[in-house]
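What follows is a short report on a single structure.
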Amino acid sequence: MAETLVKKIISSKTGKKVQTGEIVIMPVDRAFCQDGTGPLSIDGINKLGIGLKNPSRCYFFIDHAVPPPRAELANAHKKIRDFAAANKAKCIMRGVCHQIMAEEFSSPYDVIVGADSHTPTSGALGAFAAGFGSTDVAAAMSAGAVWLRVPESLGIELKGKLNKGVTAKDVIIDIIGKIGADGATYKVMEFFGEGLKNLPMDGRFTVSNMTIEAGAKTGIFPADETVRKYLKSRGREGDFRELPASSDADYENVVAEDMSALVPMVSCPHQVDNVAAAQELGDVKADVVLIGTCTNGRFSDYEAAYELLKNADSLKTTLIIAPASNTVLKRLSASPMFAKFVDLGATIIPPGCGPCCGVHEGILADGAVALSTANRNFKGRMGNPESFVYLASPLTAAATAIKGRITDPREFL
Amino acid sequence: MIKGKIRLFGDGVSTDLICPGRYYHLRGNLPELAKHALEDADKDFVKNMKPGDIVAAGENFGCGSSREHAAIVIKLAGASCVIAKQFARIFFRNCINIGLPAIEIDTTGFESGDEAEVDMKAGVVRNLTKGIERRFPQLPEKMLAILKAGGLVNYIKENSGL
Ligand code: SF4
């Protein structure tokens, strides 16, 4: 029986064949934090008092509250900037940490420790990328390692091909609906199967990003041709190393996901595993639509939404566009989409988290309903416990903005 | 031996409920942030909290965001320990790393106000009010050592590494 992808990486990095359940001290290739978790990591690093082991591989992102909406947060940003400068580490304020890591740094076989729960996004590139707390990241940056339990892996076998109107977002919402919000707690979700070839890189990022919503330690894809092409498009082909998946790896369990059987899905408040088909939701009026975030704020997500929005004259909801990085924003601004979104009255916010975590740029009113392309719909997530957040794909988001109620995008296709 | 009154919560209590995003700006001021611990799950939590109380919960406690602040505010609010049917992974790690014992046991039958004790060494939680006794497997050595040191930072300092 072959090793799971995650065991292949852990074994190669620790230099020994590891067993499920054992605690290992894991050498870390890259560590990062963001403006919500970073100040606490900095406190930890200062208490440890040994500086940064490998400053060029420590990344301090400022993305959750950019530009800062209050003095306290401006001060947090200053603390991060000053610390990074003094320690020769990178301080980055041009998009959501996960998107920038994917675009510029994460590579197959990397062990990536991020003080943000959606760190698994980089798992789409064949990295072992997991979310940790601030103190773990302080240890990773200073001591160069974290303690880790070697996890079980849940094999997710992807089959078939997505139908028109259905996206990677619907795949992961459907999987979470099936296995539950704690269906993969402590485990890794590993994707394999003939359906992989039908899931483009951006879709894989969306899927890996949301594996934490099933409780997973990370979600990992094999490093295959799709990954190589992506890295090449980013001028990083040299970072590619093949990491093949095997269908007979020692998965704890295998869940089959037939992508050709899927329809557009929605996660309903206040739990991501509270899922329904968009067409069966009934009449749910929406007030705000958010297209963006680390889950679905990539260029191809806007292209998908534009397919529907280009023919619209007006919208029935507020529309917030939150591109995941400056690279995405730059491409967006150079395309005809930008002017159309502006003409439709959309608010285009700076690359970053925006209203996703309820800090600024789109807090919801009491009783308001948002349809968001993000990954989380916990009560209060978008800043007000009296509001309601539904999650869906950029296509469903666009259809909803046009109709003013949550709408299956296939009505337009 | 840890001893205190149970403060019970249900399933799926997220870190957004434990440490709401609307207090993001207070993250640089932990004592102030801690005044809002678990506010969206029980608005009187902090008001009724006595030092040493045991926070108990159902499935998937601490799911969602990685904010270590969620574990910290529970500790600062006075909790001696957190027990739950199941913890979300990052929250569990964060508890250990800040020196707050986190124990997975079945909390069925527990109620808020029950008197309970947790014996880390023997691996048992006793609900004295209800006469319920539940065992848990000993935590791995590494985690116990981190807890004993009072958290990961102290552990690394004492051991000059991990
Ligand atoms: S976009 Fe949302 S989910 Fe992604 S890192 Fe930012 S706050 Fe977290």
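Rule-based calculations on the coordinates, nothing more; no lab input. Note that the structure is a prediction, hence the values are computed from the model and not measured. As a convention, Cβ positions derive from the backbone with ideal geometry for all residues, glycine included, and neighbour counts pool all protein chains shown.
Quick one: if the Förster radius is 41 Å, what FRET efficiency do A:Lys17 and B:Leu30 give, using the C-beta to C-beta distance and rounding to 0.05? Could the numbers behind the result be given before it?
Numbers: r = 42 Å, r/R0 = 1.03.
The value I calculate is 0.45.
Over the range B:3-104, the hull volume per residue, using the convex hull of the C-alpha atoms, is 81 Å³. Ordered by the number of other Cβ atoms lying within 10 Å of each residue's own Cβ, fewest first, A:Met382, A:Met141, A:Met337 fall into the sequence A:Met337, A:Met382, A:Met141. In order along the range A:361-375, the Karplus-derived 3J(HN,Hα) couplings, from 6.51 cos²θ - 1.76 cosθ + 1.60 at θ = phi - 60°, round to 6, x, 5, 8, 6, 4, x, 5, 10, 10, 10, 10, 8, 6, 10 Hz, and Gly and Pro are given as x. Counted by Cβ distance under 13 Å from A:Ala278, the other residues give a net charge of -2, where Lys and Arg count +1 and Asp and Glu count -1.
Computed over the range A:251-358, the percent of Cα pairs more than 20 Å apart is 50.
Across the range A:69-86, computed HN-Hα scalar couplings (Karplus, 6.51 cos²θ - 1.76 cosθ + 1.60, θ = phi - 60°) run x, 8, 4, 4, 6, 4, 5, 4, 4, 4, 4, 5, 4, 5, 5, 4, 5, 5 Hz from first to last residue, x flagging Gly and Pro.
Residues whose amide H falls under 5 Å from that of B:Ile132, counting only those 5 or more places apart or on a different chain, are B:Asn127, with hydrogens built in the peptide plane.
Any chance you could tell me what percent of the C-alpha pair distances in the range A:172-319 go past 28 Å? Provide the component values of the computation, followed by the final result.
Values: 2985 of 10878 pairs.
Everything past 28 Å amounts to 27 percent.
Taking Cα centroids, how far is the range B:100-142 from the range A:161-220 in Å? So the two Cα centres are separated by 35 Å. Ranked for footprinting exposure by Cβ neighbours inside 10 Å, fewest first, A:Leu329, B:Leu33, A:Leu395 give B:Leu33, A:Leu329, A:Leu395. Within the protein assembly as shown, the percentage of alpha carbon pairs spaced more than 29 angstrom apart rounds to 51%. In the structure shown, do any of A:Lys379/B:Lys130; A:Lys16/B:Lys142; A:Lys169/A:Lys285; A:Lys79/B:Lys148 have a Cα-Cα gap over 23 Å, and if so which? Going by Cα-Cα distance, A:Lys379/B:Lys130; A:Lys79/B:Lys148 fall outside the 23 Å limit.
Within the listed set A:Ala276, A:Ala184, A:Ala399, the Gaussian network model of chain A (springs between alpha-carbon atoms below 10 Å) gives the highest mean-square fluctuation for A:Ala276. Karplus-derived 3J(HN,Hα) values for the range B:48-62, using 6.51 cos²θ - 1.76 cosθ + 1.60 with θ = phi - 60°, are 8, 6, 10, x, x, 4, 10, 7, 10, 8, x, 7, 6, 5, x Hz; glycine and proline are entered as x.
The value for the range A:22-150 of Rg(Cα) / (2.2 N^0.38 Å) is 0.98.
Take the Cα radius of gyration of the range A:1-95 and divide it by 2.2 N^0.38 Å, N being the number of residues; the result is 1.37. GNM remark for chain A: springs join alpha carbons under 10 Å apart, and the peak mean-square fluctuation among A:Ala85, A:Ala127, A:Ala304 falls on A:Ala85.
Dipole magnitude for the protein assembly as shown: computed about the Cα centre from +1 point charges on Lys and Arg Cβ and -1 point charges on Asp and Glu Cβ, it is near 1520 debye. Dividing the Cα radius of gyration of the range A:241-292 by its Kirkwood radius returns 1.14 for Rg/Rh. Residues whose amide H comes within less than 5 Å of that of A:Asn253, counting only those at least five positions distant or on another chain, are A:Gly155 (H built at 1.01 Å from N in the peptide plane). Placing R0 at 45 angstrom, the Cβ-Cβ distance between A:Glu280 and A:Ala334 gives a FRET efficiency of 0.70 after rounding to 0.05.
Remark on A:Tyr186: its backbone amide H falls under 5 Å from those of A:Lys217, B:Arg89, a criterion applied only to residues 5 or more positions apart or on other chains, H modelled at 1.01 Å from N. Would you work out which of A:Val289, A:Ile349, A:Pro67 lies farthest towards the positive end of the dipole of the protein assembly as shown, given +1 charges on the beta-carbon of Lys and Arg and -1 on that of Asp and Glu, about the Cα centre? The one lying farthest along the dipole's positive direction is A:Pro67.
Fewest first, what order do A:Met189, B:Met120, A:Met26 take by the number of other Cβ atoms within 10 Å? Walk me through the numbers before you get to the answer.
Values: A:Met189 32, B:Met120 18, A:Met26 23.
Lowest count first: B:Met120, A:Met26, A:Met189.
Note on the range A:176-250: semi-axes of the ellipsoid equivalent to its C-alpha gyration tensor, largest first and rounded to whole Å, are 24, 14, 11.
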